[in-house]
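The values are calculated or read from the model by the stated rules, or taken from the named source; none is laboratory data. Owing to the predicted nature of the structure, the values given are computational and were not obtained by experimental measurement. With ideal geometry, Cβ positions are generated from the backbone for all residues, glycine too; neighbour counts draw on all protein chains shown. Note: areas computed on protein heavy atoms with side chains; ligands, DNA, RNA excluded. Shrake-Rupley method; radii C 1.70, N 1.55, O 1.52, S 1.80 Å.
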Amino acid sequence: MTDLAGLLGVLIPVGILFLLFLSGVRIVNEYQNGVVFRLGRFVGLKRAGFRWLIPFVERMVIIDLRTVARDVPPQDVITRDNVSVKVNAVVYFRVIHADKAVLQVEDFLYATSQLAQTTLRAILGQVELDQLLSERDRVNREIQKVLDAHTDPWGIKVSNVEVKHIDLPVEMQRAIARQAEAERERRAKIIAAEGEHQAAEKLAMAADVLSRNPSSLQLRYLQTLVEITGGGNHTILPIPLDLLRMVGMHRPGVDTSSGERRGNGYGAEQEEGPPAGGLT
């Protein structure tokens, strides 16, 4: 009995010490940091691996260092051109300094989410609707820059901000659709006018080339007749172009030598010679 009592007297203190040792064991993962407090005072950080704390004296707060994606709830925003829209976004951030995330702010996740909402409303209120729709990347960078500056004292790095959805009123959607339709009509008219201008330039160049050689005009005339007859049954009476020129040259009132018409101003031709009643 004496030996058993002596053995129990040894095992009980050893068991208590072993339990105390186990109560102080902590395992910190690779993606975590531990902020250690000793009697309420910050004493340092614990990195990944096996860590032991003094029971009832030290306490450790585990902080996750991985990137966190938080949705920003839909916010009612009035743009600079007085258009009411509803916008939601997503914020990507991570803890860089675990000690600051614990010591400088009560709940860094909640604080960052609330700051993202207010920053989203403030930044989007300074831009117009067209800029919000067409320059979304620039707006995202501005929001990220402001958020990162405000969360830096908390040991948080905001890596990216993305505006996910912009809910426009129905009236504004119709106005944008009409604007897009008018813009496309304007482009269509400009393209058609440019085509007419280019076609006129090419026709003028073709006429200049044909006028240099009369034979090319005759070939073009025959080609046109072939194109006309190729579409169906047509009766074509070809007239030589030289015959048309001869008929035009022998019209009354046309001088065959110079090709100019002379008249008395009333449509009647005037023969050459001395005036009536004059000396011969």
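So the values come out like this:
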read-out: Radius ratio Rg over Rh of the range 15-120, counting only Cα atoms, Kirkwood formula for Rh; value: 1.20
read-out: Solvent-accessible area of SER211 with every protein chain in place, 1.4 Å probe, in Å² to the nearest 10; value: 90
read-out: Extension reserve of the TYR221-ASP107 stretch, reckoned as 0.36 nm per residue once the Cα distance is removed; value: 32.1 nm
read-out: Accessible area, probe 1.4 Å, largest first, for residues TYR110, TYR92, TYR221; value: TYR110, TYR92, TYR221
read-out: GLU30 versus GLU183: modelled label distance in nm, points set 7 Å from Cα along the beta carbon direction; value: 4.9
read-out: Percentage relative contact order, the range 36-96, counting C-alpha pairs under 8 Å, at least six apart; value: 29
read-out: Residue pairs, from the table LYS86/LYS189; LYS100/LYS145; LYS164/LYS189, whose Cα atoms sit over 28 Å apart; value: LYS86/LYS189; LYS164/LYS189
read-out: Cα centre as origin, Lys/Arg/Asp/Glu Cβ charges: the range 64-167 dipole, Debye; value: 180
read-out: Under 5 Å, built H, 5+ apart or other chain: amide partners of LYS46; value: GLY34, VAL35, VAL36
read-out: Phi to ³J(HN,Hα) by Karplus 6.51 cos²θ - 1.76 cosθ + 1.60 over the range 89-95, Hz, x for Gly, Pro; value: 8, 10, 10, 10, 8, 8, 7
read-out: All-pairs Cα distance distribution in the range 115-216, expressed in whole percent, bin size 5 Å; value: 2, 10, 12, 12, 9, 8, 7, 6, 6, 6, 5, 5, 4, 3, 2, 1, 1, 0
read-out: Contour minus Cα-Cα distance for LEU203 and ALA149 (0.36 nm per residue); value: 12.9 nm
read-out: Estimated FRET transfer efficiency (VAL61, LEU22; beta-carbon r; R0 25 Å; 0.05); value: 0.80
